[in-house]
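Read through the structure below, which is laid out as structure tokens, and then see the notes.
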Amino acid sequence: MRVLIIEDDLDIATNLYDHLELRGHQVDLARDGLSGLHLAVSEKFDVIVLDLGLPGLGGLSLCSKLRQEVCSDVPVLVLTARDLLDDKLKAFDCGADDYLVKPFALREVEARLNALVRRHSGRVSDRRIIVDDLVYDPASLTVQFEGRPVQLSRKCLRLLETLLSGPNRVFSRADLEHSAWGEEQPVSDSLRSHMHMLRRALTGSSGFSPIENVHGVGYRFAKRSA
Ligand code: CA
């Protein structure tokens, strides 16, 4: 599995890194919160080992950002010297999946990481994406908006899926065209007409639609609470 370790203590980080690498895992290491978050967002990991006391961005804030701002559901194991119940509860509140107090046995860390990845991979196919009033189920390709089912064409679904991969993020026309049409060139204005259909299908009773055209740039799925 691919593991990201976010840990500023060099001894602990090196021990973990060496152990996991020896066991055949692909490991990356970040020594502070910001570079950890950056790595977690820009690359794909199966699981993250997260220290709480980190320079720059602390582990709890990092975990919240990962869950709320980036909507990542990568499993997170918190590894920390903080052993109070309150600390543990806070970590779970922030979206951690498991918690282990230092000092720890390397084999236990690995066993827990394996368990997290196993549970997570079983869930992936039935994972629903929920943003505000929208529920998208990638397994059945169904969409609900404001509690009612919405029929969308296959291309509109692909466009929606792309937009939902980063709520509030603006996707360029080229990115969106590529996600729906692949290598084949869409006829001119196809994107615009599909986005128009998507927007019409996802317009609420109040007239609000989360599908936004960002002039001269592309489109985004706007979250009500930014
Ligand atoms: Ca630390």
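The values are calculated or read from the model by the stated rules, or taken from the named source; none is laboratory data. Since the structure is predicted, the reported quantities are computational estimates derived from the model, not experimental observations. Note: ideal-geometry Cβ built from the backbone for every residue, glycine included; neighbour counts use all protein chains shown. These accessible areas exclude ligands, DNA and RNA; they are computed on the full protein's heavy atoms, side chains included. Shrake-Rupley method; radii C 1.70, N 1.55, O 1.52, S 1.80 Å.
Computed values, structure above
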| read-out | value |
| --- | --- |
| Every residue from region 206-226 that is over 18 Å from Leu134 (Cβ atoms) and either touching a Lys or Arg at 6+ places or on another chain (Cβ under 8 Å) or open to solvent by less than 100 Å² (accessible area, probe 1.4 Å) (or both) | Val214, Gly216, Val217, Gly218 |
| Set Val101, Val143, Val109: member being open to solvent by less than 70 Å² (accessible area, probe 1.4 Å), in contact with a Phe, Trp or Tyr (Cβ under 7 Å, 6 or more places away or on another chain) and not assigned by TED's automatic domain parsing to the domain that holds Pro210 | Val143 |
| Residue within region 152-159 that is part of a loop (DSSP other than H, G, I, E, B) and either open to solvent by less than 20 Å² (accessible area, probe 1.4 Å) or out of contact with any Asp or Glu (no Cβ under 7 Å at 6 or more places or on another chain) (or both) present | yes |
| Pairs where the first residue, in region 28-52, is touching a residue at least 40 places away in the same chain (Cβ under 8 Å) and the second is within 14 Å of the ligand (Cβ to nearest atom) and part of a helix (DSSP H, G or I), C-beta under 6 Å, 6+ apart | Leu50/Gly59; Asp51/Gly59 |
| Leu60 vs. criteria part of a helix (DSSP H, G or I) and either within 16 Å of the ligand (Cβ to nearest atom) or open to solvent by 10 Å² or more (accessible area, probe 1.4 Å) (or both) | yes |
| Some residue of region 198-205 being surrounded by fewer than 13 Cβ atoms within 10 Å (Cβ to Cβ), of a type outside the set (Lys, Arg) and not in a loop (DSSP other than H, G, I, E, B) | no |
| Test: residue in region 68-84 that is farther than 26 Å from Thr162 by Cα and part of a helix (DSSP H, G or I) | no |
| Which numbered condition Val3 fails, given (1) open to solvent by 50 Å² or more (accessible area, probe 1.4 Å); (2) part of a strand (DSSP E or B) | (1) |
| Residue within region 38-45 that is away from the ligand (no atom under 16 Å from the Cβ), exposed (fewer than 13 other Cβ atoms within 10 Å of the Cβ) and of a type in the set (Lys, Arg) present | yes |
| Answer residue from region 63-94, given it is open to solvent by 20 Å² or more (accessible area, probe 1.4 Å) and hydroxyl-bearing (Ser, Thr, Tyr) and is nearest to the ligand (Cβ to nearest atom) among those | Ser64 |
| Residue satisfying all of: in region 6-24; in contact (Cβ under 8 Å) with a residue 60 or more places away in the chain and within 19 Å of Val74 (Cβ to Cβ); surrounded by the fewest Cβ atoms within 10 Å (Cβ to Cβ) among these | Leu20 |
